[in-house]
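What follows is a single structure, written as structure tokens, with notes after it.
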Amino acid sequence: QVQLQESGPGLVKPSETLSLTCAVSGYSISSGYYWGWIRQPPGKGLEWIGSIYHSGTIYYNPSLKSRVTISIDTSKNQFSLKLSSVTAADTAVFYCARGSHLELLHYWGQGTLVTVSS
Amino acid sequence: QSALTQPASVSGSPGQSVTISCTGTSSDVGIYNYVSWYQQHPGKAPKLMIYEVSNRPSGVSNHFSGSKSGNTASLTISGLQAEDEADYYCSSFTSTSTVLFGGGTKLTVL
């Protein structure tokens, strides 16, 4: 059974960098699939942030591309998200997910709330 | 990139059918059969209900079905049940290798 678990600080100051990690169990991340990040501001809809293919190809949301870095660490079987220069508008629940295609996300983490506030 | 367009809310009585639309453009929904639908209950992670327009993952009830015509995809829920009350989101792959989500539709079972 594939499981994904997000981790990282729940509170980030404005202008700083938000860093999250998604630990994967039950499947070797280097074996295949797309690994993605999606966020959901409180009371609002889902927004795709970006995805990384197991081989290392990365896809970003153009509206966030200048501030986002997604990377993969096969030795730890996890992938990560960095979002720089955050503002209150970046406050959201962040989900990591595994997909057979970029928009086809079969397995999701439980999500982690990150609040941007001083 | 603009989000895909979904109605903000739909409703139906138990046993009835409802359809949720998801309108995109010829650069996303209209060009590929890479459209997925997700169900999200409050405080929970989204759950994949339909993929590639009309395919159901293992374990998803067959009272959920999907279709597409032109730039609009649709999710139909037949035989509404109380537990179907949730938010529903569509997503589509795009011609620039990105993903768009719809704004979400709140389904109320009356």
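Read-outs: derived from the displayed coordinates by stated rules, not from any lab. This structure is a prediction, so every number in the text was calculated from the model and none was measured. We place every Cβ from the backbone using ideal geometry, glycine too, and count neighbours over all the protein chains shown.
Using the scaling law 2.2 N^0.38 Å as the reference, what is the normalised Cα Rg of chain A? Write down the numbers at each step before the final one.
Values: Rg = 13.3 Å, N = 118, 2.2 N^0.38 = 13.5 Å.
After normalising by residue count via 2.2 N^0.38 Å, the value is 0.98.
So, counting K/R as plus one and D/E as minus one, what does the shell of residues with Cβ under 14 Å around B:HIS41 add up to?
Cβ neighbours under 14 Å give a net charge of -1.
How big is the dipole moment of chain B about its Cα centre under a simple scheme where the beta carbon of each Lys and Arg is +1, that of each Asp and Glu is -1, and everything else is neutral? Debye, nearest 20, please. Numbers along the way, then the final one.
Details: 5 positive and 6 negative charges, 13 e Å.
My answer is approximately 60 debye.
Can you grab the distance from the C-alpha centre of the range A:45-118 to the C-alpha centre of the range B:3-41, Å, no decimals? Value for the Cα centre distance between the two parts: 23 Å.
Alpha carbon centre of the range B:79-110 versus the range A:1-17: separation in Å? What the calculation gives is 25 Å, centre to centre. Charge tally for B:SER92 (other residues, Cβ to Cβ under 12 Å; Lys, Arg +1; Asp, Glu -1): -2.
Check cross-link reach from A:LYS65 to the lysines: straight Cα distance under 22 Å, and skip same-chain residues fewer than eight apart. Filter leaves A:LYS13, A:LYS44, A:LYS82. Which one, A:TYR27, A:ASN77, A:SER51, projects farthest toward the positive side of the charge dipole computed for the range A:23-86 from Cβ point charges (K/R +1, D/E -1)? Going by the Cα projections, it comes out as A:SER51. Counting only aspartates and glutamates at least 8 places from B:LYS47 when in the same chain, those with an alpha carbon closer than 18 Å to its own are A:GLU6, A:GLU47, A:GLU103, B:GLU83, B:ASP84, B:GLU85, B:ASP87. For the range B:44-110, the Cα gyration tensor yields ellipsoid semi-axes of 21, 14, 12 Å (square root of five times each eigenvalue, largest first, whole Å). Computed across the protein assembly as shown, the Kirkwood radius stands at 17.8 Å (inverse of mean 1/r, all Cα pairs).
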